[in-house]
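Since the structure comes first, as structure tokens, the remarks are kept for the end.
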Amino acid sequence: MTPRRLQQHWDKLGKEDAMWAILTDSNRKGGRWTPEEFFAEGRNEIAAVMEYLRKHGAPPRFRHALDFGCGIGRLSQALADYCETVTGLDIAPSMVESAQKWNRHGERCRYLVNGTPDLRQLPDQSFDLIYSNIVLQHMPTAMSWAYLGEFVRVLMPGGLLCFQIPSEPSGTLIGLLLRILPVPVVRLIRKMDMYGTTPERVKAIVEAAGASIIDTQSDTAAGPHWKSFRYLALKPGKAWL
Ligand SMILES: C[S@@+](CC[C@H](N)C(=O)[O-])C[C@H]1O[C@@H](n2cnc3c(N)ncnc32)[C@H](O)[C@@H]1O
């Protein structure tokens with residue numbers, strides 16, 4: 001899948017039923033998420049993330065956060081409660097347009113379209129927190145690996161990078177089928193492509209880019225048919241610990 005095709009795919013989903021494309025609860029298909037419930041999910045998730053970061057010695061507030069793959073701003077809006085500014089970046093213009101519509105933080109929260117397989121529009125060392133959930137799993141590995149390196153580039157020294165990415169299909173029956181079925185067949189039955197990267201590879205990429213993985217946790221963000229992990233990385237520099 002090329003960046004252009006990926007963009008077209010998500011742009012279409014963003015126009016059709018963005019909330020369901022982001023949180024694919026089968027009971028919510030067809031516009032059945034209410035905005036209140038949808039954004040409350042984001043606030044709950046970010047409250048738990050902040051608690052997790054604090055357990056690792058992070059400060060209660062951050063200066064500049066990047067929400068990579070922001071969708072319509074479910075997490076960016078919640079991050080703005082803990083950060084001076086938030087930049088939400090997404091490949092899909094339709095998602096960014098909706099995010100702007102749902103923004104309740106004015107200029108403290110900005111949304112940008114990013115259609116390139118890098119973050120060239122963002123300067124080096126711009127963020128002290130980068131967060132990404134249920135995004136890197138949906139792009140070919142060459143692309144997600146390039147973004148991991150870019151995250152470290154745009155992270156300030158002493159900054160934290162927290163992201164989720166699955167490793168491989170799980171041991172469920174569907175997980176086993178996902179391992180053996182050809183991609184075109186999988187696409188017939190599943191709406192979104194999924195790609196995995198092993199924890200060893202994640203560690204090697206992040207370390208080569210100049211940060212260290214300081215925690216790895218198994219998580220359920222990719223659903224029951226994929227093994228998934230949340231990683232916390234620190235870029236060396238001015239210590240916050
Ligand atoms: C499942 S949604 C998650 C949205 C948001 N992270 C959340 O949890 O509310 C995945 C999002 O990633 C975006 N996305 C996919 N590939 C991307 C890429 N290469 N760069 C930036 N955003 C991307 C999609 O447009 C979509 O909005």
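The set of residues in the range 161-183 that are within 30 Å of I214 (Cβ to Cβ) and part of a helix (DSSP H, G or I) contains only G175.
For the range 123-142, a residue qualifies if it is crowded, with 19+ Cβ neighbours inside 10 Å and not hydroxyl-bearing (S, T, Y), and the qualifying residues are F127, D128, L129, I130, N133, I134, V135, L136, Q137, H138, M139.
Can you say whether E84 is within 21 Å of V154 (Cβ to Cβ), away from the ligand (no atom under 13 Å from the Cβ), at pLDDT 95 or above and of a type in the set (D, E), as far as the supplied structure shows? Please lay out each step first, then the result.
Working: within 21 Å of V154 (Cβ to Cβ): yes; away from the ligand (no atom under 13 Å from the Cβ): yes; at pLDDT 95 or above: yes; of a type in the set (D, E): yes.
Criteria met by E84.
Evaluated against (1) hydrophobic (A, V, I, L, M, F, W, C); (2) out of contact with any strand residue (DSSP E or B) (no Cβ under 8 Å at 6 or more places or on another chain); (3) free of Cβ contacts under 8 Å to residues at least 24 places away in the same chain; (4) not in a helix (DSSP H, G or I), V186 falls short on exactly one condition, (4).
Report, by residue number, each residue of the range 133-176 that is small (G, A, S), more than 12 Å from the ligand (Cβ to nearest atom) and modelled with pLDDT of 95 or more.
First, pick out the residues of the range 133-176 that are small (G, A, S): 142, 144, 146, 149, 158-159, 167, 170-171, 175.
The next check asks that each one be more than 12 Å from the ligand (Cβ to nearest atom); those that pass are 149, 158-159, 167, 170-171, 175.
Hits for the range 133-176 are G149, G158, G159, S167.
A single member of I91, I46 is at pLDDT 95 or above, within 12 Å of the ligand (Cβ to nearest atom) and touching a Phe, Trp or Tyr at 6+ places or on another chain (Cβ under 6 Å), and it is I91.
Residues of the range 204-213 that are part of a helix (DSSP H, G or I), surrounded by fewer than 16 Cβ atoms within 10 Å (Cβ to Cβ) and in contact (Cβ under 8 Å) with a residue 12 or more places away in the chain: A208 alone. Here is the figure for the range 178-188: residues that are over 20 Å from T141 (Cα atoms) and at pLDDT 85 or above total 0. For the range 214-235, a tally of residues being at pLDDT 95 or above, among the hydrophobic types (A, V, I, L, M, F, W, C) and surrounded by fewer than 18 Cβ atoms within 10 Å (Cβ to Cβ) returns 1.
A count restricted to the range 187-200 and to residues that are surrounded by 15 or more Cβ atoms within 10 Å (Cβ to Cβ) and not polar (S, T, N, Q) stands at 5.
The set of residues in the range 16-36 that are within 14 Å of the ligand (Cβ to nearest atom), part of a helix (DSSP H, G or I) and modelled with pLDDT of 90 or more comprises E16, D17, A18, M19, W20, A21, I22, P35.
The values are calculated or read from the model by the stated rules, or taken from the named source; none is laboratory data. Because the structure is a prediction, the values reported are computed rather than measured. Cβ atoms come from the backbone with ideal geometry, glycine included; neighbour counts cover every protein chain shown.
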